[in-house]
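Working notes, beginning with the structure itself.
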Amino acid sequence: MKKNILIIVLLSFLVLFATSCGSKDVKETKEKGTKRGLDYLVLVNKQHKLPDDWEKKVELKEDKDAWGDKVLVEKEALKEFKKLREALLKENVDIELDSIYRSVKEQQNLWDEWSKDPKKGPEYVKKFVAVPGYSEHHTGLAIDVCLKKNGKIIADNDEMIAEKKIFAKVHKKLADYGFILRYPEGKKEITGYEYEPWHFRYVGEEAKKIELTGLTLEEYLAGSNEYYINDNEKLYDKAIEYLKEEDKKENSKYKKEDYYKFFVTYDGLGITKKDKNKYAYMWILKESHYLKDKKVQDGESASMFYKFTFKDDKVVKYENPEEGGHYTKSIKKMSIDNKMSEKILKYNSKLSNDKEVKKYYEKVSNPKKLTKRDIMGDNKLLFTISKRNNKCVPISLNVYDSKYELYTEYKDCKGKLCNDKLEYTKKNTGKYTYDVIKIIKNSKNADLLLAKELEEYEIYTGKNDYVYMMSTGKDNKYLKDFLKEIKVDLDECAKKSK
Ligand SMILES: [Zn+2]
């Protein structure tokens, strides 16, 4: 609730600001989405009244609703609506105009009339009719549609809400024509209205940005110093160039071989701007190959999320999320808003073998269904035990059918971040007898992405290049036995690293 109050306070300032700007002609032409002094981002809701000069400024055009009756719509909004309707007709979806423009006076009449109706009464009116002056329909930019299906008009609210598939198709196209869905599901606390799949609002060219943020108009305007922008400066490409340059500097060990190829490609997830910085969110696949002993060898390979920070359109840094237990948290921290973090967390990159990964992932999140085969890709099981809190060395253990390899922190690392530079220090071969599946099956949480609390120890299992996270308490009997078997004492390791 506190957040809402803050938003409202911010919005009041913004509205004051917007209306005071609207009276200066010179500035108007420069304002985005503003033509003829009309602010297409105008906010009218239960707290924000229609600007006094709006009715004088707005240019309305006549059209017909689904029943052939005359309706008025703001000129540009109508033009774009017609295009939207045309595009949808090609997909066999017919949206028709229903309720559009209502003057403050008409709203007042409606209010008075319904208040007098004994069947409706004042409570009903308060719930379903906007206070005159506080309805978005006064702007001429709000369009209520109804559906035409098999020649029949569907205009009843409940019946329309039930047409989920049709409205999903419609909503997908809104932003292309400058519209947003004004009252999305679950945002009543912010917009003041229940879900209205039929109520569209013309906002002009900013519709796409608003759609990308997943925010309501209220939220978007409140946080408008932080928003999504188009890639006009080709920031994605610049980020990729940066990685290529970086690769040239690094990986010299491969380049000494007679052949070296670095391959990198990406999916753009969005670009945002805040203050003077810009940020590119990307899913990147990079791979390198080199030739050794006349055979092409795989170098590094990664498919992961990157966030690049730009200053003056130059990369100043990039970040990757932390792996393991901190993954979700760090994605959230790196994301500009919830929509972005959800997008990243659910992202199913075509750049990786997503079908395979998804199948595997589903199993991993249900450890009871795991079988040894599931975690033993290519006869190899990789799992890492790391201690939280965090002086303790990470231990990386590769378990093969008949041997395991143990890696600990590189001795000369001297407190630097060495997780990426795990050095091989000890190798034991011998028959590996312990059943790792039992450890995993007895883990408290098989899927750390869903786990609310982190456990002290984690087990990561990996198949090919993909790392999956398991978490387990250190008292997991099977883990304890296993560590004993391979002579790893985590407490001792914690002591040593202090
Ligand atoms: Zn409406």
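Kindly indicate whether E74 is touching a residue at least 24 places away in the same chain (Cβ under 8 Å) and of a type in the set (D, E, K, R). Write out each step before concluding.
Working: touching a residue at least 24 places away in the same chain (Cβ under 8 Å): yes; of a type in the set (D, E, K, R): yes.
So E74 fits the description; yes.
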For strands (runs of 3 or more DSSP E) lying entirely in the range 269-328, having 2 or more residues that are among the hydroxyl-bearing types (S, T, Y) and at pLDDT 85 or above picks out 277-292, 295-311
Expected output for the range 134-148 (first residue small (G, A, S), partner within 11 Å of the ligand (Cβ to nearest atom) and in a strand (DSSP E or B), Cβ below 7 Å, 6+ apart or cross-chain) is A142/H199; A142/R201
Here the residues within the range 178-225 that are more than 16 Å from the ligand (Cβ to nearest atom) and of a type in the set (S, T, Y) are T213, Y220, S224
- [ ] Determine whether E31 is under 21 Å from K208 (Cα atoms) and modelled with pLDDT of 95 or more.
- [x] no
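Find the residue count for the range 186-213, including only residues that are outside any loop (DSSP other than H, G, I, E, B), more than 21 Å from K79 (Cα to Cα) and over 17 Å from the mean Cα position of the chain (by Cα). Walk me through it before giving the result.
First, pick out the residues of the range 186-213 that are outside any loop (DSSP other than H, G, I, E, B): 188-191, 199-202, 204-213.
Retained after the next criterion (residues that are more than 21 Å from K79 (Cα to Cα)): 188-191, 212-213.
So of that shortlist, the ones also over 17 Å from the mean Cα position of the chain (by Cα) come out as 188-191.
Number satisfying all stated conditions: 4.
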Looking at the structure I just gave you, is D65 within 14 Å of the ligand (Cβ to nearest atom), of a type in the set (D, E, K, R) and in the same structural domain as K165 (by TED's automatic domain parsing)? yes
Only unsatisfied item for I153, checking (1) in a strand (DSSP E or B); (2) within 11 Å of the ligand (Cβ to nearest atom), is (2)
Taking the range 188-221 and keeping only residues that are modelled with pLDDT under 85, buried (at least 17 other Cβ atoms within 10 Å of the Cβ) and among the acidic types (D, E), one is left with E211, E219
Residues in the range 156-177 that are within 15 Å of the ligand (Cβ to nearest atom) and among the acidic types (D, E) total 1
Restricting the range 329-339 to residues that are surrounded by 18 or more Cβ atoms within 10 Å (Cβ to Cβ) and touching a Lys or Arg at 6+ places or on another chain (Cβ under 9 Å), the one modelled with the lowest pLDDT turns out to be I336
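The values are calculated or read from the model by the stated rules, or taken from the named source; none is laboratory data. Just so it is clear, the structure is predicted and the values come from calculations on it, not from any experiment. As a convention, Cβ positions derive from the backbone with ideal geometry for all residues, glycine included, and neighbour counts pool all protein chains shown.
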